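These notes concern the structure reproduced below.
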Amino acid sequence: MKQWFVLLGGCVLLGACAGMGTEGAPHYRVTTDRETPYYLGTDAEEVEDTCPGNDILKQYSCSRKQEDGYSCFDVYLAQGSPINNQRYTLLQERVARQAVSPQPQCPIMEPTCEAFLQALNYNLEFSWYLVNFPTSSFPQCRETYDCKRIDCYLPPDPASGVKESTLVSCVYKRNQLFFVGSEVTCTHTQR
């Protein structure tokens, strides 16, 4: 029985000592308040994260180290479909004259890949201009497994003396990652 009293007394003493170290110190919970994120782009060189660590790959979460009201701009990576003019990256452009019939005929456009992509409204998913090609020849295609080649021909222009069709051939890699950013504020809430 005496042993029980000694054990109980030891527990009470230990609890009192532990309580003395934390007594008077405020207990609070840290929350990360994030504004609505917005689209920044696909180029990592054009974005800047001002939060501790400057990590542009993942979201920042506030810690107890940050003071109440601390604010920074958080940039992080998202997956999906970027805005139209950043949806694809041009890997190869070839414009050449060939003595063939102009099939498939290009839309009305300048003989450039950018004009071709705009004429297709930045959508290469179900285009009849798609051509099978060995994607292994492009290391960027091996990374994403989502590259497309589109070809079309501009008809000869007898008024300018051109008798051959003009081939416009473009290889594009589809971008599936982009950066978004939002203002972050750290808030301490008393428990």
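Distance from the Cα centre of the range 81-98 to that of the range 143-191, in angstrom?
5
Using θ = phi - 60° and the Karplus curve 6.51 cos²θ - 1.76 cosθ + 1.60, what whole-Hz ³J(HN,Hα) does each residue of the range 88-103 get, with Gly and Pro shown as x?
Using θ = phi - 60°, the values come out as 10, 10, 6, 9, 8, 10, 9, 10, 8, 8, 9, 8, 9, 6, x, 10 Hz.
From the backbone phi of the range 125-134, what are the Karplus-calculated ³J(HN,Hα) couplings (6.51 cos²θ - 1.76 cosθ + 1.60, θ = phi - 60°) in whole Hz, Gly and Pro given as x?
For the range 125-134, the Karplus-derived couplings read 5, 10, 7, 7, 8, 5, 10, 6, 7, x Hz, x marking Gly and Pro.
Relative contact order of the range 46-100: what whole-number percent is it, with Cα pairs under 8 angstrom and at least 6 residues apart?
Taking the mean separation of contacting Cα pairs over the length of the range 46-100, I get 33 percent.
Does the range 65-172 come out rounded, prolate or oblate, given a ≥ b ≥ c as the square roots of the eigenvalues of its C-alpha gyration tensor, rounded meaning a/c under 1.5 and, failing that, prolate meaning a/b above b/c?
Prolate shape, in that a/c is at least 1.5 and a/b is the bigger ratio.
If contacts are Cα pairs under 8 angstrom and at least 6 residues apart, what is the relative contact order of the chain in percent?
It rounds to 37 percent for the chain.
Consider the candidate values (1) 22.9, 83; (2) 30.8, 115; (3) 19.1, 65; state which one is Rg and Dmax of the Cα atoms in Å computed from the structure displayed.
Matching the structure shown: (2).
HN-Hα J couplings of the range 36-45 from phi, Karplus 6.51/-1.76/1.60, θ = phi - 60°, integer Hz, Gly and Pro as x?
Here the 3J(HN,Hα) series is 4, x, 10, 5, 10, x, 9, 9, 5, 6 Hz.
Does the range 131-191 classify as rounded, prolate or oblate by the C-alpha gyration tensor (a ≥ b ≥ c root eigenvalues; a/c under 1.5 gives rounded; else a/b over b/c gives prolate, otherwise oblate)?
Verdict is oblate for the range 131-191.
Starting from the range 121-177, pick out the chymotrypsin sites (Phe, Trp or Tyr not before Pro) whose DSSP state is loop and whose Cβ has at most 11 other Cβ atoms within 10 Å.
Phe126, Trp128, Tyr145
With angles folded into 0 to 90 degrees, how steeply does helix 2-22 sit against the dominant principal axis of the chain? Use alpha carbons for both and round to 10.
50
Every number here is computed from the coordinates shown, using simple stated rules; none is lab data. All values reported here derive from a predicted model rather than from experimental measurement. Reconstructed Cβ throughout: ideal geometry from the backbone, glycine too, with neighbour counts over all protein chains shown.
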